[in-house]
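Heads up: the structure comes next, in structure tokens.
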Amino acid sequence: MSSIQWQFPRALEDEAIYILRETAAQFERPAILFSGGKDSITLVRLAQKAFYPGKIPFPLLHVDTGHNFPETIQFRDWLVESLGLELIVRNVQDSIDQGKAKEETGKYASRNALQTVTLLDAIEELKFDACIGGARRDEEKARAKERIFSVRDEFGQWNAKMQRPELFDMLNGKINIGENVRVFPISNWTELDVWNYIREEGLQIPSIYFSHEREIIERDGMYWPFSPYLNTTEEEVPFRSKVRFRTVGDMTCTAAVLSEADKLEDIIEEILAAKISERGARIDDKRSEAAMEKRKQAGYF
């Protein structure tokens, strides 16, 4: 294997740091959207570098579905404490209790889409004018269309046909009252770039990214993590197997992959050999051909 596949292109780090500094300069109250996944962990490291020796000037905002992997929540709390970060948590359950979101029912019920309501309420409540996310263009076709400074209207909605040009890395953060911007500093990175960055930087990540034994069920050709939140049929009997997760989301919408990769080097080898993208393991993206774009239009991350 060529050594170039193991090297992280540092120009991407420079670009991301520039974007983070522009965000701090152009907006009054930004926040980092934090899921506990590898991309948002990468954002935290980039923010550390962008504002060193000062502290990260943004709070972390986590929209908690209540159906997260316990390992992810434990890691989130450890990272916040170890780095002395400000963490703000808003819960989807509160939106359900307030009648603003309706719990899904049926075999494929998930709280993933319900996060949009909680997120938009948090943005309004906390007066965030920029939310920094870890989305990347290589993940999914709707994300490939989105700008680095992505303007959302006063309802939090995204219009793919009303995006601003970003020529010569010039980022325009001017917005009207009520609007906000989603910022994507690692938009131009690939999944392989993220893993090589994690390896080179020696970053800690949740244990579910590595091979481990877990109860799963097989459904629709994918391996779903068995949990109290997953609605199963009598025929879907859980069994134990060694798996890992390429992407981290709600337990009801994130499929596992059979894997023996328990080291970063093994994970990178797996990615190089993979025939599907990491979002291929996100069950919520399979609801329709345009599932992600429809969620974004409604105000999703």
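The values are calculated or read from the model by the stated rules, or taken from the named source; none is laboratory data. Here the structure is a predicted model, which is why all the values come from computation and not from measurement. FYI the Cβ positions are ideal-geometry reconstructions off the backbone, even for glycines, and counts take in every protein chain you see. All accessible areas refer to the heavy atoms of the entire protein, side chains included, with ligands and DNA or RNA removed. Shrake-Rupley method; radii C 1.70, N 1.55, O 1.52, S 1.80 Å.
Summarise the accessible area of region 1-94 (1.4 Å probe, protein heavy atoms) by the percent that is carbon and sulfur.
Carbon and sulfur atoms account for 51 percent of the accessible area of region 1-94.
So which trypsin sites (Lys or Arg not before Pro) in region 1-91 pass both tests, a DSSP loop state and at most 15 other Cβ atoms within 10 Å of the Cβ?
For trypsin sites (Lys or Arg not before Pro) across region 1-91 that sit outside H, G, I, E and B with at most 15 neighbouring Cβ atoms in 10 Å, the list reads LYS55.
For region 54-154, rounded, prolate or oblate, judged on the Cα gyration tensor with a ≥ b ≥ c (square roots of eigenvalues), a/c < 1.5 rounded, else prolate if a/b > b/c?
The shape class here is rounded.
From the C-alpha gyration tensor of the chain, pull out the three semi-axes of the equivalent ellipsoid (sqrt of 5λ each), sorted largest to smallest, in whole Å.
For the chain, the ellipsoid semi-axes come out as 29, 24, 18 Å.
Alpha carbon centre of region 185-247 versus region 153-176: separation in Å?
Between the Cα centres of region 185-247 and region 153-176 lies a distance of 33 Å.
For the chain, modelled as a Gaussian network with Cα springs under 10 Å, which listed residue fluctuates most, ILE132, ILE276, ILE186?
ILE276
Residues with beta-carbon under 13 Å from that of ALA31, excluding ALA31: net charge, scoring Lys, Arg +1 and Asp, Glu -1?
Residues close to ALA31 contribute a combined charge of -1.
Percent of accessible area on region 175-224 owned by carbon and sulfur, 1.4 Å probe?
Roughly 41 percent, rounded to a whole number.
For region 178-194, take each phi angle, set θ = phi - 60°, evaluate the Karplus expression 6.51 cos²θ - 1.76 cosθ + 1.60, and give the result in whole Hz per residue in order, putting x for glycine and proline.
x, 7, 9, 10, 9, 10, 10, x, 10, 4, 8, 7, 10, 4, 5, 4, 4
Which FRET efficiency, nearest 0.05, do ASP169 and ASP262 yield, Cβ-Cβ r, R0 41 Å?
So, using R0 = 41 Å, E works out to roughly 0.55.
With runs of 4+ DSSP H residues as the only contributors, calculate the mean residue ellipticity of the chain at 222 nm using -39,500 (n - 2.57) per run, divided by the residue total and rounded to the nearest 500.
Value at 222 nm, helices only: -9500 deg cm²/dmol.
For the chain, what is the accessible area per residue in Å² when the probe is 1.4 Å?
47
From the Cα gyration tensor of region 69-122, with a ≥ b ≥ c the square roots of its eigenvalues, which class applies: rounded if a/c is under 1.5, or else prolate if a/b is larger than b/c, or else oblate?
Oblate is the answer for region 69-122, as a/c is 1.5 or above yet b/c matches or exceeds a/b.
Exactly which GluC sites (Glu not before Pro) in region 55-111 are in a DSSP loop and have at most 15 other Cβ atoms within 10 Å?
Passing both the DSSP loop test and the Cβ count: GLU86, GLU103, GLU104.
Tell me the relative contact order for the chain as a rounded percent, counting alpha carbon contacts under 8 Å between residues six or more apart.
Taking the mean separation of contacting Cα pairs over the length of the chain, I get 21 percent.
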